[in-house]
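Take a look at the structure set out below.
Throughout, read-outs are computed from the coordinates displayed, never taken from laboratory work. The shown structure was predicted, so the numbers you read here are calculated from the model rather than taken from an experiment. Here the Cβ is made from the backbone with ideal geometry for all residues, glycine too, and neighbour counts use every protein chain on show.
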Amino acid sequence: MSLVSFAVQRLATSRFARRTFLSLALSALALSAPAAHAQEAVTVFAAASMTNALQDIAKAYTAKTGVPVRFSFAASSELAKQVEAGAPANIFISADNRWMDYLEQRNLIVKDTRVPALGNTLVVVVPASKPTQITISPAFDFAALLGKDGKLVTGNVDSVPVGVYAKAALTKLGLWDKVKAQIAGADSVRAALAFVERGEAPAGIVYGTDAAIAKNVVIAGTFPSDSHEPITYPFALVKDHDTAAAKAFYAELLSPEAKAVYAKYGFTVK
């Protein structure tokens, strides 16, 4: 073989090798794309009462951007403790200021992003099969509504926001001592609502938004707004987890489109 022929063959082989390498590299990138995309997912820890509204917002956002959004819905108290323990949440949404304060005091949220975004109402619900209308005032007789052995179910009154609001309202109205023996505390507002939906409790204290989406309960009465602190939902990014994807979805949560969804579900938009 001449030197010229040998050189041509080596050049052809070199070009083939480069093309082969480039092809393999592009294939590897294509195969790794789903993994990279998965890393863009945003994880939101949110109060249980936000379930339906946030799922609607996330569904539209993922359809628009391709970025998946994962949720953990529970009582704000439980979620705050999970964040404190190192759970990889990007965004935290509480049903009261207390548990957002808890994380802020421990330097676990991005303070500048904290926003009191929403409000709600506190209501008494009863099974739809036994509708009634009541006026909640210092003169109201809960014992007559509940019966001898009936329970008034709400969130845990020491930790779950809806239960804390409920205890405060009942105390302000002078009703707490009369009804506390019949209070049953649940792990979250949705758990409390479920007891009434299934007919396992004659009445419950939940948020107006939760009552509105329930099929088997009706609102019997609404607590006066001055009987408890304003129900506030603060939003914030979680410190050290405020990724670009998290910031983008956080902006979406505060957008006019998202606010329209909150309003649709009965939240007060601030």
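What to note about this one:
- Annotation: the residues Val162, Val153, sorted from fewest to most other C-beta atoms within 10 Å of their own C-beta, follow the order Val153, Val162.
- If you take the alpha carbon atoms of the range 39-78 and fit the smallest convex hull around them, that volume is 47 Å³ per residue.
- Semi-axes of the equivalent ellipsoid for the chain, Cα gyration tensor, largest first, Å: 55, 18, 15
- Label-point gap, in nm, between Ala260 and Ala212 - each point 7 angstrom along Cα→Cβ: 1.6
- Taking a straight Cα-Cα cut-off under 19 Å and skipping sequence neighbours fewer than 8 places away in the same chain, the lysines within cross-link reach of Lys130 are Lys148, Lys151, Lys215.
- Charge dipole (debye, nearest 20) of the range 122-227; +1 at Cβ of Lys and Arg, -1 at Cβ of Asp and Glu: 120
- Kirkwood-Stokes translational diffusion coefficient of the range 122-227, alpha-carbon pairs, 25 °C, 0.890 mPa s, µm²/s: 187
- Take 65-72, 243-250 and order them by the average number of nearby Cβ atoms within 10 Å per residue, most first; the result is 243-250, 65-72.
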